[in-house]
């Protein structure tokens with residue numbers, strides 16, 4: 001276990017509290033959100049999800065039976081809506097063709113096999129796959145996003161050349177293999193990245209400013 005990483009975790013937890021992420025009522029809703037949030041902010045994702053729910057389109061079966069144009073119109077708030085409606089359709093078709101439309105069967109796979117299966121689906125990259133595995137399948141895999149890469153770079157744990165895989169393994173080898181910690185740590189880093197460690201950082205009030213290599217440059 002890396003004490004500094006867990007010190008970061010504890011400090012963020014004390015400042016922000018438990019995030020209880022991912023906000024969703026079902027496993028399928030997590031998957032929809034993970035696809036829709038690509039290159040979009042969560043407020044717009046929530047609007048799109050509410051539109052789908054209002055039209056009773058928050059199940060694999062309903063998405064499968066609905067015209068792609070209708071789905072595109074409902075998820076318009078997230079941007080790239082034509083592409084994302086296609087991604088939803090392709091994922092659902094994959095689920096029915098390979099697993100009889102049953103998420104439980106898909107999630108019975110071990111973590112590495114599940115990850116390979118998800119990455120084989122057009123429109124699902126590493127961050128989306130890991131989000132689905134961690135938050136929908138409840139299996140331990142650490143999610144790396146742009147916020148995490150930025151924060152870890154400023155803390156001296158990563159560089160521009162650090163790959164997604166390398167940073168993911170950096171966390172997984174150094175923090176407890178605990179799904180709850182994986183979920184909370186990722187969500188806490190997102191909270192820090194959204195509100196403090198931004199492109200124009202707020203270093204003076206950042207809870208990690210005394211640990212950060214960049215904070216003295218920006219105060």
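Placing one equal scatterer on every Cα of the stretch 100-163 and applying the Debye formula, the log10 ratio I(q)/I(0) at q = 0.12, 0.13 Å⁻¹ is -0.37, -0.42. Modelled spin-label separation between residue 3 and residue 177, with each label point placed 7 Å from Cα along the Cα-to-Cβ direction: 2.4 nm. In the distance distribution for the chain, Cα-Cα pairs more than 30 Å apart total 27 percent. In terms of the mean number of neighbouring beta-carbon atoms within 10 Å, the peptides 160-169, 185-194, 93-102 order highest first as 185-194, 93-102, 160-169. Using the Cβ-Cβ distance between residue 67 and residue 145 with R0 set to 41 Å, the FRET efficiency from 1/(1 + (r/R0)^6) comes to roughly 0.80. Calculate the translational D of the stretch 69-134 in whole µm² s⁻¹ from Stokes-Einstein, where the hydrodynamic radius comes from the Kirkwood formula applied to all Cα pairs, the temperature is 37 °C and the viscosity 0.692 mPa s. The estimated diffusion coefficient comes to 261 µm²/s. Given their separation in residues at 0.36 nm each and the Cα-Cα distance between them, residue 162 and residue 43 gain 39.9 nm when the chain is fully extended. Less than 15 Å from a label point 7 Å out along the Cα-to-Cβ axis of residue 90: which backbone N atoms in the stretch 123-157 qualify, by residue? So the set is 123-129. Mind jotting down the distance between the C-alpha centroids of the stretch 89-114 and the stretch 125-144, whole Å? Comparing the Cα centres of the stretch 125-144 and the stretch 89-114, I get a distance of 14 Å. Contact order, relative form, for the chain: 24 percent (alpha carbon pairs under 8 Å, 6 or more residues apart, mean separation divided by residue count). By the beta-carbon count within 10 Å of each Cβ, the least crowded to most crowded order of 22, 42, 122, fewest first, is 122, 42, 22. For the stretch 140-219, the equivalent ellipsoid built from the Cα gyration tensor has semi-axes of 22, 14, 10 Å, listed from largest to smallest. Between the C-alpha center of the stretch 151-219 and that of the stretch 14-81 there is a gap of 26 Å.
Before anything else, pin down the relative contact order of the stretch 27-136: Cα pairs under 8 Å, at least 6 apart, normalised by residue count, whole percent.
RCO, the stretch 27-136: 31 percent.
Stokes-Einstein at 37 °C, 0.692 mPa s, Kirkwood radius from Cα pairs: D for the stretch 1-126 in µm² s⁻¹?
It diffuses with D of about 205 µm²/s by this estimate.
Every read-out reported here was derived from the displayed coordinates using simple, explicitly stated rules and does not represent laboratory data. Because the structure is a prediction, the values reported are computed rather than measured. Glycine also receives a Cβ, built like all others from the backbone with ideal geometry; neighbour counts cover every protein chain displayed.
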